[in-house]
Amino acid sequence: MSHVHPDTRIKTILVPGSGAIVIGQAAEFDYSGTQAVKALRKAGYRIVLVNSNPATIMTDPEIADATYIEPLTPEALEAIIAQEKPDALLPTVGGQTALNLALALSENGVLEKYGVQLIGANLAAIRAAEDRLLFRETMKKAGIPVPRGGAAHNLAEAEKIIAETGYPALVRASFAMGGSGASWVYEPAQLPEAVRQAIAESPIRQAWLEESVLGWKEYELEVMRDRADNFVVICSIENLDAMGVHTGDSLTVAPAQTLTDREYQVLRDLAKRVLTAVGVETGGSNVQFGVNPKTGRVVVIEMNPRVSRSSALASKATGFPIAKIAALLAVGHTLDEIANDITGQTQAAFEPSLDYVVVKIPRWAFEKFPGVDATLGPQMKSVGEVMALGRTFPEALNKAIQSLEIGVDALDGSGPSLQPLSAPETLAALKVPTADRLFRIYRAVRQGLPLEEISAACGYDLWFLAQMKEMQNVERRMQNVTNDEGGMQNREFKNLLRVAKQMGFADSQIARLLNSSFHIHHSALEVRALRRSLGILPTFQRVDTCAAEFEAQTPYLYSAYEQADEARPTDRQKILILGGGPNRIGQGIEFDYCCCQAAFALSKMGYETIMYNCNPETVSTDYDTADRLYFEPLTLEHVLNVIETEKPIGVIVQFGGQTPLNLAEKLQAAGVPILGTSPSAIALAEDREQFSALLSQLEIPQPENGIARSLEEARAAAVRIGYPVLIRPSFVLGGRAMALVQSESQLAGFIQQAMEAAPGQPILIDRFMEDAFEIDVDALCDSQRVVIGAIMQHIEEAGVHSGDAACVLPPYKVSAYHQMIVREYTERLGLALGVRGLMNVQFALQGEAVVVLEVNPRASRTVPFASKATGLNLAYLAAQIMAGKTLAELGVTEEPRVDGFFVKEAVLPFKKLAGSSTVLGPEMRSTGEVMGHASNFGHAFAKSQIAAGWGLPESGAALISVNDYDKSGGLRFARELQRMGFKLFATRGTTEFLSKVGIPAEAVNKFVEGSPHTVDLIRNGTVQLVLNTPFGPNAQADGAEIRAAAIAMDIPLLTTLSAAEAAIAAIRALRQKELKYRSLQSLFRNAE
Amino acid sequence: MTFATLALADGTVLTGQAFGAETDSVFELVFNTSMTGYQEIITDPSYRGQGVLFTASHIGNVGINLEDDESAAPQVSAVVMRALSPVVSNWRASASLTDWLGQRGIPGISGVDTRFLTHKLRDGGTQKAALSTCGTPPEKLLQLVRDWPGLDGRDMVKEVTCAEPYRWNGDEGNRWVENVKRLPGSSVDQFKPDNRKTGKLLNVIAYDFGIKENILRHLASYGADVTVVPADTSAAEALALHPDGVFLSNGPGDPAGLPYAVAAVRELIASGVPLFGICLGHQLIGRALGAATYRLKFGHHGGNHPVQHLPSGNVLITAQNHNYCVSPADLNPDEVEITYKSLNDDSLEGLRLKNKPVFSVQFHPEAAPGPHDAQRLFGEFFQMMKANPA
């Protein structure tokens, strides 16, 4: 036997994570990284983990040996390497961020200097995969087909190339930034101009011509390779959306459905050759293919030599833990040495076989970004995704739609309170990929348009459309059920109902379909009862990697309507944890973190834990996070099914964000025991009238407020309260449709939006507290005692959504007296509401007044941040309280002491969603967060900015453009910068103001005044820091361009005076002393 | 849509939708876990006497095409699946699965819980079963099952072997083999181009126990002039054709039912002619070497079977389709080297003789359907023939 044995010289491994959640790089890397770290630690390695994102499970101090929540920059990594002396760096489980870091650290010599070996991917492979041209060359050299194309320096050369590529062709300017000079050429007449333009835009005077693969079928293979050249395909994924839509924005299905074996094996062979050509020696990779549906011609589009979003999906889809295996391969194991956990009797050296179908649907958030082009294309725009499993494609598709949580339960886009559009679909409209195209395609099928023509228009393979047609047949039959011959009790109806359930139709949709035939109202629960009386009950099947060839040891389950049930529930005491569903803005990884903590805590207490979620990107849906895993839509129907099978002693709904909370009262009504704080207490806190009454009764001040159910009521309330007012709908998440209204003229529009965001719910109107600071408190309560977990102060003024505001722990501008008041109010509220578990209270501090803005008796977005900062694992403790422990029993009776300062900064998606307004407001729009910590506030803030990607300059030039309202604050900022030697640029008005007090600044045109103007200064790199305050009554027209330019150029942009003040503290700190990096473990050791 | 009834020997009766031909059929029910390649599986003569249950959810999606047949007609007795595709979607398709099966007399059942059936076969072993798509009542089907003798000890080969020797000159599907063979790293590039150009093809006699076309495509494309001979061809008859090498094919049923073939293989081994066996051919070599063959509980049928090449430790993902297996205990270690084992159940997957140009594998290097990892074995056969000229 000539096995290559694990490298015994490696003892300590450095693992970088992927940083803040951003579009295209999300929670899947917490899943992958956590899994990899757990596997390596179990294998005896010491792990040093670096990730700036405190909301991750991987940054829990228990996961790694040394955990650095520090910026993912070469500088920070070098310092950490010098401190921790790792033997190896594993760059393949932290997304693009980790790969880029590895490249940088190797190019600047740090890895060599400290003798750190790169494992899991070598430099040449990373380069060959990342550099588009080099990748193409590498493929061509290896004889691997890529889209036809070539470089041209003149029209004659271009014509020669186009003879090969055919029309349409893409003409691009070589080496030009951001796609400038690119165009589509559909006919010969267009070629000369396109080539001329591309050559003109290209810094090397070269046009790049490439054949169009738009409309080709798109496939991905998730593959693994080990050091002995063993190669396996874990999963094939077929995109329903054809080439042209980013795979992250595509509906996808696994396994591939429309390939013959001959064709599939071509992809498999090519994938293996791509790995060899690129030089991937070990680990997981993803290879993307385009396939011409008319000729079968295959081209390789790209590959990722690392775990990816697709590999996370493939892991969940198959049960094969790619990241874990990749980590073990990186340290020298081979596939045949690693056991398949799911079967327990086979090895990782095999290819999973699926006897079910997996559908992934992305989740978008365009409603939060008015102005952004909602057409889908090569730039990924979705913020999350759902996955569903079914025995057939229709079942998986319907379940995936129900998982999305967009109010839709059916393929036509309708839902319990949503009517489908009635306008006829046209083929032309189906050509445009949008978030709702799936529904439009189905409606076109229903309308009777020929499937071939729909397929030609939208690029969906005929097969998928034929499946939809089958679903439509069932829908039609269900609508036409008549009540004669025993009606709903007859055999034919029973069969139809069973078929509908096997196709994944929701009870709620069936109720609507029956209503249209019987003209009497059926509710979803009545359909459920009917179904049960007819013996049509769900079964649960196991994800076993092997199509039932071997016994599955791991209870990873999905529902279907089959003959045999495989749930085999145990008779242990069990607790069901409902997860958060798809990631979206306002509900992200923080809640998944809390659900995982609950599973860890309750397992430790001896309960059997059951995780329930439908989000493939998460740690919660890793098959070994809880004892059992149900991968199911978070709807009442599906949750009740699991509860009926498992009969848990309690259900936790308070950790997964709004999604499970929305189910709480219905579950309770169905007799399900809800653990922890009662749903009625949670609802009370949401109900503004009741909550106001409670605050008055507790003698806790609140901002003046009112409730409106119509524009008239809103007007009256606003006048009574006085402008500016904050308006928001109730029962929404992340400040959806929340707005700051300055005057009555703006009110109508915002009220309209709020009513649309939460139909039928009252709108809350609060007095806006100008110049106030917000304070967030996370606390534990066992209904007898309240223990404060953390008091966090927002850095931005009130008016910025708490999820988008930077915040600092401990508060640096709140007096001990005010903190005492905050503690006291929190305690009063916790006891009054009978909280058992977590609670979050938001306060505003205006002058001397402390008022309560809202209370959420559940896990909040700040729980992971607060836990990392204090070392007190709030969610873990709260889960134990919910299971009956008291704080005293847990030994938690005092608020934790905080060592140093911890700053949380939000990360916003403006760069990915061009056209979006960049001004922060009451509606949350950040996708992720980072944390910076240090012994002083300045350094902590500086780190948070570096981690967020906008490192503050220590010297250079700054552009100041503030509105009149903020001039005096701007003055302080300018003076501080000038003292530190910064050169200042300012708009004319600001310059004059500064010169009056003797601060020299160079005047620069506003954007509208023409070049050279403010935007030029930013674009050409003259300034390294921008202060632009758009807030307040006199927002500037100039601001949008300035902010857009700063974001495009990654120049730190300050939009509030308080952020400016924090930035000054940070710059001063940076100039005085170098940043230090500390692991959480050493921090907490010190604190003890 | 008419209904179909599937009855298993243990009394299980399932109803689903009928497709294909309207008829009754009795068979041994096996499950196959391949997610692609139903056309190749259905036309594989090794499935003679068996009904195939596909564990993959959707079957029929890509229809039937002219290139992917493994023999001239469907060989299975019945097809069992969860969901039959309502449509054909593939650029090469020329017929739908249901029409094609219907014209060729093969019944099918769709809409049954295949996972439930797979569990049954996995836990209780392969079962006899009967399918009716023409309304035969369950009791009668069960009677059919009880009366059916099954496959053990039977010669199924005589139903699928050719009647007369013939030279193979087929071409359908060959381009796919060519594509694979041209891959860099394929160890056998050197054979074919020269041989084809110079006309110096190696003379390979292929015993047809139910040979898959893709084996013939491979042999030809690597540079052989292939003569296919009936299963009962004696060693003397075969050797009289002056072969550079003899190939022993896959085939259906129990190797114990083929004493005449075992006798021929014994003589062929003794003759010193280069010999390569696949699947049943491998089992016959095993028996000729004195080993017993035994029935696996539910067989290996799929495209994801890992085998380890014991000399190198390398793992190949292979296509497999067998219910019987060579028992290694009876093999003389001085004479026989075990070259491959299954990573799933450690069963014997390949052997070679130490002093004779003979080797064989239980899995299918010709794939069709399945991964191409083991394709280099054809190259090894050609190297062996070159090294041991007739």
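The values are calculated or read from the model by the stated rules, or taken from the named source; none is laboratory data. Please read these numbers as outputs of a predicted model, since none were measured by experiment. Cβ sites come from the backbone with ideal geometry, for glycine too, and all protein chains shown count toward neighbours.
Screening A:GLU164 against (1) touching a Cys at 6+ places or on another chain (Cβ under 8 Å); (2) exposed (fewer than 13 other Cβ atoms within 10 Å of the Cβ) leaves a single unmet condition, (1). In the set (1) modelled with pLDDT of 90 or more; (2) buried (at least 17 other Cβ atoms within 10 Å of the Cβ), the condition left unmet by B:GLY173 is number (1).
For every residue, the table says whether it meets (1) of a type in the set (D, E, K, R); (2) within 31 Å of the chain's Cα centre (by Cα); (3) within 14 Å of chain B (Cβ to nearest Cβ); (4) under 26 Å from B:HIS300 (Cβ atoms).
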position: A:ARG306; (1), (2), (3), (4): yes, yes, no, no
position: A:ARG309; (1), (2), (3), (4): yes, yes, no, no
position: A:ALA317; (1), (2), (3), (4): no, yes, yes, yes
position: A:ILE342; (1), (2), (3), (4): no, yes, yes, yes
position: A:GLN347; (1), (2), (3), (4): no, no, yes, yes
position: A:PRO352; (1), (2), (3), (4): no, yes, yes, yes
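Look at B:ARG175 and say whether it is touching a Ser or Thr at 6+ places or on another chain (Cβ under 9 Å), more than 30 Å from B:GLY257 (Cα to Cα), within 14 Å of chain A (Cβ to nearest Cβ) and among the basic types (Lys, Arg). Criteria not met by B:ARG175.
B:ASN323 falls short of the stated requirement of being within 11 Å of chain A (Cβ to nearest Cβ) and buried (at least 21 other Cβ atoms within 10 Å of the Cβ). Entry remark, segment B:101-125: residues being in a helix (DSSP H, G or I) and over 21 Å from the mean Cα position of the chain (by Cα) number 10 in total. Entry remark, segment B:348-390: residues being away from chain A (no Cβ under 13 Å), within 27 Å of A:SER353 (Cα to Cα) and polar (S, T, N, Q) number 2 in total.
Looking only at residues that are out of contact with any Lys or Arg (no Cβ under 9 Å at 6 or more places or on another chain) and touching a residue at least 60 places away in the same chain (Cβ under 8 Å) in segment A:700-718, which one is nearest to A:MET820 (Cα to Cα)? Before you say what the answer is, go through the steps one by one.
To start, the set of residues in segment A:700-718 that are out of contact with any Lys or Arg (no Cβ under 9 Å at 6 or more places or on another chain) comprises A:701-702, A:709-718.
Of the ones still in play, those that are also touching a residue at least 60 places away in the same chain (Cβ under 8 Å) are A:701-702.
Values: A:PRO701: 15, A:GLN702: 17 Å.
Applying the filter and picking the extreme gives A:PRO701.
Would you confirm, using the coordinates I've provided, whether B:ALA130 is part of a strand (DSSP E or B), more than 14 Å from every other protein chain (Cβ to nearest Cβ) and either surrounded by fewer than 17 Cβ atoms within 10 Å (Cβ to Cβ) or modelled with pLDDT of 95 or more (or both)?
Values: part of a strand (DSSP E or B): yes; more than 14 Å from every other protein chain (Cβ to nearest Cβ): yes; either surrounded by fewer than 17 Cβ atoms within 10 Å (Cβ to Cβ) or modelled with pLDDT of 95 or more (or both): yes.
Criteria met by B:ALA130.
So that you can scan it fast, the table gives a plain yes or no per residue for (1) under 20 Å from A:GLY884 (Cα atoms); (2) modelled with pLDDT of 95 or more:
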{"residue": "A:LEU629", "(1), (2)": "no, yes"}
{"residue": "A:PRO633", "(1), (2)": "no, yes"}
{"residue": "A:ASN641", "(1), (2)": "no, yes"}
{"residue": "A:ILE652", "(1), (2)": "yes, yes"}
{"residue": "A:GLN658", "(1), (2)": "no, no"}
{"residue": "A:GLU665", "(1), (2)": "no, no"}
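Give me a count of the residues in segment A:250-277 that are more than 14 Å from chain B (Cβ to nearest Cβ) and crowded, with 24+ Cβ neighbours inside 10 Å. Summing the residues that are more than 14 Å from chain B (Cβ to nearest Cβ) and crowded, with 24+ Cβ neighbours inside 10 Å in segment A:250-277 gives 2. If the condition is being touching a residue at least 12 places away in the same chain (Cβ under 8 Å) and assigned to a loop (DSSP other than H, G, I, E, B), then segment B:88-100 contributes B:VAL88, B:SER89, B:ASN90, B:ARG92, B:SER96.
Can you name every residue in segment B:128-168 that is more than 18 Å from B:TYR207 (Cβ to Cβ) and touching a helix residue (DSSP H, G or I) at 6+ places or on another chain (Cβ under 9 Å)? I'd like the intermediate steps shown before the answer.
Of the residues in segment B:128-168, the ones more than 18 Å from B:TYR207 (Cβ to Cβ) are B:128-154.
Matches in segment B:128-168: B:LYS128, B:ALA129, B:ALA130, B:LEU131, B:SER132, B:THR136, B:LEU151, B:ASP152, B:GLY153, B:ARG154.
Has segment A:201-219 got any residue that is within 30 Å of A:SER353 (Cβ to Cβ) and within 11 Å of chain B (Cβ to nearest Cβ)? So far as segment A:201-219 goes, yes, one or more of its residues are within 30 Å of A:SER353 (Cβ to Cβ) and within 11 Å of chain B (Cβ to nearest Cβ). The condition (being away from every other protein chain (no Cβ under 14 Å), free of Cβ contacts under 8 Å to residues at least 40 places away in the same chain and closer than 30 Å to B:LEU144 by Cα) is satisfied by just one residue among B:ALA56, B:ALA72, B:ALA83: B:ALA72. Just one of the listed residues (A:SER285, A:SER311) is buried (at least 24 other Cβ atoms within 10 Å of the Cβ) and assigned to a strand (DSSP E or B), and it is A:SER285. Among residues of segment A:1057-1085 that are over 24 Å from A:ASP966 (Cβ atoms) and without any contact (Cβ under 8 Å) to a residue 12 or more places away in the chain, none has a Cβ under 9 angstrom from a residue that is surrounded by 17 or more Cβ atoms within 10 Å (Cβ to Cβ) and among the β-branched types (Val, Ile, Thr) at a sequence gap of 6+ or on a separate chain.
Quick one: is A:ALA958 in contact with a helix residue (DSSP H, G or I) (Cβ under 9 Å, 6 or more places away or on another chain), farther than 30 Å from A:PHE902 by Cα and in a strand (DSSP E or B)? Can you show your working first?
Working: in contact with a helix residue (DSSP H, G or I) (Cβ under 9 Å, 6 or more places away or on another chain): yes; farther than 30 Å from A:PHE902 by Cα: no; in a strand (DSSP E or B): yes.
In short, no.
Scanning segment A:528-576 for residues that are at the interface with chain B (Cβ under 10 Å from one of its Cβ atoms), in contact (Cβ under 8 Å) with a residue 60 or more places away in the chain and not in a loop (DSSP other than H, G, I, E, B) yields a count of 3. Among residues that are at pLDDT below 95 and either touching a strand residue (DSSP E or B) at 6+ places or on another chain (Cβ under 7 Å) or away from chain B (no Cβ under 14 Å) (or both), A:GLN402 is not included. For residues that are among the hydrophobic types (A, V, I, L, M, F, W, C) and in a loop (DSSP other than H, G, I, E, B), scanning just segment A:47-63, find the one that is farthest from A:VAL93 (Cα to Cα). Residue satisfying both the conditions and the ranking: A:ALA55. Among residues of segment A:465-478 that are touching a residue at least 12 places away in the same chain (Cβ under 8 Å), those with a beta-carbon under 7 Å from a residue that is hydroxyl-bearing (Ser, Thr, Tyr) and buried (at least 20 other Cβ atoms within 10 Å of the Cβ) at least six positions away or on a different chain give the pairs A:LEU465/A:SER455; A:MET468/A:TYR442.
Comparison of A:ILE727, A:ILE721 shows that the only residue that is of a type in the set (A, V, I, L, M), out of contact with any helix residue (DSSP H, G or I) (no Cβ under 9 Å at 6 or more places or on another chain), within 29 Å of A:LEU1057 (Cα to Cα) and without any contact (Cβ under 8 Å) to a residue 60 or more places away in the chain is A:ILE721.
Within segment A:892-920, residues that are farther than 23 Å from A:GLY951 by Cβ sit with their Cβ atoms under 6 Å from residues that are of a type in the set (Ser, Thr, Tyr), at 6+ positions apart or across chains, in these pairs: A:PRO896/A:THR870; A:VAL898/A:THR870.
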